[in-house]
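*Asks:* Handing you this structure, nothing more for now.
The values are calculated or read from the model by the stated rules, or taken from the named source; none is laboratory data. Computed from a predicted structure; not experimentally measured. For neighbour counting, all protein chains shown are included, and Cβ atoms are generated from backbone atoms with ideal geometry for every residue, glycine included. Surface areas here come from the heavy atoms of the whole protein model, side chains and all, with no ligands, DNA or RNA. Shrake-Rupley method; radii C 1.70, N 1.55, O 1.52, S 1.80 Å.
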Amino acid sequence: MRILNLKIHNFVSYRGTHEFDFGAVDGKNGYFISGENGRGKTAITDAINWCLYGEVTAYLLSDERYFQEKRPIINSADYSDEGSALNFNASLLTNYAYWASDYEMWVQLTFHHEGRHYVLRRDSNPKLDITPQDDSHLDVKPSLSIDGKVVDQEKVGSEISSIMPLYTFS
């Protein structure tokens, strides 16, 4: 699997739409992403993970105890003044979008695998015309095209798993 392009919208620290081009430059392979803490490096890998599998897991080692939890797309407590402190399991929708009542979040990943061209996208939108409080108020849908042909929505997960199975660490 060779990632060519990543587009994200309102994901973690990125408000609005941002695009990352991973196409080969001068025949070189690989990329190095660097920056200060809290500037969105991990958000890029989390976006890829969420697009592929529909979830992001947060990990924390504290006082010799290990915590592991699935990160929510929206947890309204994360957007309050009391919830503004750093939370290892913070919502995936960026706080700036939530505060602006912009609840749309999506990630699109374009890649090649074994000579085929894939465009995978995962969208999250409110189910109703209300302020979503948690993930139960959201409609999350994946879509996939392979060489320009749209894959049935119920087959997206198995197509992705056949390319890159989800491995979890416990």
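*Asks:* Mind pulling the angle between the C-alpha long axis of helix 41-53 and the longest principal axis of the chain? Nearest 10 degrees, somewhere in 0 to 90.
*Replies:* Once rounded, one gets 70 degrees.
*Asks:* Taking the Cα centroid of region 5-65 and of region 125-170, what is the distance between the two, rounded to the nearest whole Å?
*Replies:* If we compute the Cα centre of each part, the gap is 18 Å.
*Asks:* Report, in listed order, any pair from LYS7/LYS141; LYS127/LYS155; LYS28/LYS70; LYS41/LYS141; LYS28/LYS155; LYS70/LYS149 with a Cα-Cα distance greater than 28 Å.
*Replies:* Working: LYS7/LYS141 16 Å; LYS127/LYS155 22 Å; LYS28/LYS70 35 Å; LYS41/LYS141 25 Å; LYS28/LYS155 34 Å; LYS70/LYS149 32 Å.
Those over the limit are LYS28/LYS70; LYS28/LYS155; LYS70/LYS149.
*Asks:* Write out the GluC sites (Glu not before Pro) in region 1-77 meeting two conditions: DSSP loop, and at most 11 other Cβ atoms within 10 Å of their Cβ. Before the final figure, lay out each step's value.
*Replies:* On the way: sites: GLU19, GLU36, GLU55, GLU64, GLU69; in loops: GLU36, GLU55, GLU64.
Listed in order of number, the matching sites are GLU36, GLU64.
*Asks:* Does region 21-161 classify as rounded, prolate or oblate by the C-alpha gyration tensor (a ≥ b ≥ c root eigenvalues; a/c under 1.5 gives rounded; else a/b over b/c gives prolate, otherwise oblate)? Intermediate results must be reported in sequence, preceding the final value.
*Replies:* Working: a/c = 1.92, a/b = 1.31, b/c = 1.47.
The shape class here is oblate.
*Asks:* Averaged per residue, what accessible area in Å² does the chain show with a 1.4 Å probe, protein chains only? Write down the numbers at each step before the final one.
*Replies:* Details: 10420 Å² over 170 residues.
It amounts to 61 Å² per residue over the chain.
*Asks:* Which trypsin sites (Lys or Arg not before Pro) does region 105-159 hold that lie in a coil by DSSP with at most 12 other beta carbons within 10 Å?
*Replies:* On the way: sites: ARG116, ARG121, ARG122, LYS127, LYS149, LYS155; in loops: LYS127.
Taking region 105-159 and a limit of 12 other Cβ atoms within 10 Å, the loop trypsin sites (Lys or Arg not before Pro) found are LYS127.
*Asks:* Within the chain, which is the longest segment containing none of the chymotrypsin sites (Phe, Trp or Tyr not before Pro) that sit in a DSSP loop and have at most 14 other Cβ atoms within 10 Å?
*Replies:* Numbers: sites that count: TYR31, PHE32, PHE88, TYR167, PHE169.
For chymotrypsin sites (Phe, Trp or Tyr not before Pro) (loop position, at most 14 other Cβ atoms within 10 Å), the longest site-free span of the chain is 89-166.
*Asks:* Would you work out what percent of the accessible area of the chain, with all protein chains in place, is carbon or sulfur (probe 1.4 Å)? Could you put the intermediate results ahead of the total?
*Replies:* On the way: 5080 of 10420 Å².
Carbon and sulfur together cover 49 percent of it.
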